[in-house]
1. Identify the single condition in (1) assigned to a loop (DSSP other than H, G, I, E, B); (2) open to solvent by less than 40 Å² (accessible area, probe 1.4 Å) that Arg211 does not satisfy, given that it satisfies every other one.
2. Does Asn167 satisfy the criteria of being modelled with pLDDT under 95 and open to solvent by less than 30 Å² (accessible area, probe 1.4 Å)?
3. How many of the residues in the stretch 116-133 are in contact with a Pro (Cβ under 9 Å, 6 or more places away or on another chain) and either among the β-branched types (Val, Ile, Thr) or open to solvent by less than 70 Å² (accessible area, probe 1.4 Å) (or both)?
4. It is to be established whether one or more residues within the stretch 145-157 are open to solvent by 50 Å² or more (accessible area, probe 1.4 Å), closer than 23 Å to Ser40 by Cα and hydroxyl-bearing (Ser, Thr, Tyr).
5. Run down Ile141, Ile197 and say which single residue is of a type in the set (Val, Ile, Thr), touching a residue at least 60 places away in the same chain (Cβ under 8 Å), crowded, with 21+ Cβ neighbours inside 10 Å and out of contact with any Ser or Thr (no Cβ under 7 Å at 6 or more places or on another chain).
6. Is there any pair linking a residue in the stretch 50-67 that is closer than 17 Å to Asp37 by Cβ to one that is basic (Lys, Arg) and open to solvent by 30 Å² or more (accessible area, probe 1.4 Å), with Cβ under 9 Å and at least six apart or on different chains, and which?
Amino acid sequence: MGSDDIFHKLKKKAAQEKKRQIGKREPYPKFLVVCEDTVSGLIYLQKAVIHYKLSTANFSIVGIGEDPLNIVKRAEIEYDKEKKSTRPAFDKVFCVFDRDTHHSYYNALSKITSLNDKIKLDFISDESNSVKEFKPVFVAIQSNPCFELWLLCHFEYTTKLYTKSQNKSASGHVKDDIKKYLPDYDKSSDKVFEQTINLLPSALKHASSLREFCEVNMLEAPYTDMDNLMSFLSTLKS
């Protein structure tokens, strides 16, 4: 048997396996979430996918505890790995990180743009996509200054500018404010999702209004995109 025959048989087998794997998926996008957080934010999102009864065949969520740029680099690695495997590729890749005091914050945003630009070129060059609209695969889910701002949106709408003062970081001040509503809150808490889920409609409204406020006033904070990710998760099975 020639090497060409072996190659074609292996290629056919890989295609059949990929088709079989696709058959296991639920009829909604397969997604990856890579978080800066390894505790509160990660636990919150893990609870969210359980709450919405999403299939484990459709998602992967990891927390790596590194700076924003490394979050995006890890997301790229996981995306490429899945694309090269016999499994279906990720339709969406969410990079979840805080502004906080990270020096690589803007580099992370730039890398997300370049990754999407590269995927778009491949998309356009594929003639089978001629009638389809390109949608970015990599999505930044930023919170400025931190994830806890999203939690605070469940309870109130505020345009308060959090800054470092009195030997406390901007994130520390946000945590102080969230403790007015969740006195026992700390980063390792595993009850936050249950404590706030009934207030999700308020959080979605407040976060969206806050983003509009920042855009109109050309501000970067206070800001969170967590509403976009939660809206995505909550509507997947609808």
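1. All conditions are met except number (1).
2. no
3. Count: 2.
4. Yes, the conditions are met somewhere in the stretch 145-157.
5. Of the residues listed, the single one that is of a type in the set (Val, Ile, Thr), touching a residue at least 60 places away in the same chain (Cβ under 8 Å), crowded, with 21+ Cβ neighbours inside 10 Å and out of contact with any Ser or Thr (no Cβ under 7 Å at 6 or more places or on another chain) is Ile141.
6. These pairs meet every condition: Val62/Arg74; Ile64/Arg74; Glu66/Lys73; Glu66/Arg74.
The values are calculated or read from the model by the stated rules, or taken from the named source; none is laboratory data. Note that the coordinates shown come from a computational prediction; the quantities given were computed from them, not determined experimentally. Note that we place each Cβ from the backbone using ideal geometry, even for glycine, and neighbour counts take in every protein chain shown. These accessible areas exclude ligands, DNA and RNA; they are computed on the full protein's heavy atoms, side chains included. Shrake-Rupley method; radii C 1.70, N 1.55, O 1.52, S 1.80 Å.
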